[in-house]
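**Q** Would you mind keeping the following structure in view while I ask a few things?
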Amino acid sequence: MPRIEQEAQVVDGTLLPEVEVTVKNVRTDTEYDDDDQAAADVADPNTDTTDSDISRSVTLRVVKGVESTGQA
């Protein structure tokens, strides 16, 4: 399940995007809760999971800022 690492927010007048991260094993299609869980799977001698099996996808969602006119 994707998790939100950072909520969209304004910091010192700069609009920061929402950051959503999905970590999964591309070979087994297993989705991990976080990077630590994926690293534990790689380190587990009872699995054949390697670093190259792990995919980390990051999605940035940019929202309109306060008083935005909606133009780029």
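**Q** Just name the residue that is nearest to R56 (Cα to Cα) out of those in the range 1-25 that are part of a strand (DSSP E or B) and more than 13 Å from the chain's Cα centre (by Cα). Steps first, please.
**A** Of the range 1-25, the ones part of a strand (DSSP E or B) are 3-6, 9-11, 14-16, 18-25.
Applying the additional criterion that residues be more than 13 Å from the chain's Cα centre (by Cα) yields 9-11, 14-16, 25.
Details: Q9: 23, V10: 26, V11: 26, T14: 26, L15: 24, L16: 20, N25: 9 Å.
Among them, the one singled out is N25.
**Q** Only residues that are at pLDDT below 95 and assigned to a loop (DSSP other than H, G, I, E, B): list them for the range 48-72, please.
**A** Once the filter is applied, which keeps residues that are at pLDDT below 95 and assigned to a loop (DSSP other than H, G, I, E, B), the range 48-72 yields V62, V63, K64, G65, V66, E67, S68, T69, G70, Q71, A72.
**Q** Can you tell me which residue within the range 26-53, out of those that are of a type in the set (S, T, N, Q) and more than 14 Å from the chain's Cα centre (by Cα), is surrounded by the fewest Cβ atoms within 10 Å (Cβ to Cβ)?
**A** From the range 26-53, those of a type in the set (S, T, N, Q) are 28, 30, 37, 46-47, 49-50, 52; that's our starting set.
Checking which are more than 14 Å from the chain's Cα centre (by Cα) leaves us with 28, 30, 46-47, 49-50, 52.
On the way: T28: 12, T30: 16, N46: 6, T47: 14, T49: 19, T50: 11, S52: 9.
Restricting to residues being of a type in the set (S, T, N, Q) and more than 14 Å from the chain's Cα centre (by Cα), the top hit is N46.
The values are calculated or read from the model by the stated rules, or taken from the named source; none is laboratory data. Bear in mind that the values here come from a model prediction, so they are computed numbers and not experimental data. When we count neighbours, we look across all protein chains shown, and the Cβ atoms used for this are built from the backbone with ideal geometry, even at glycine.
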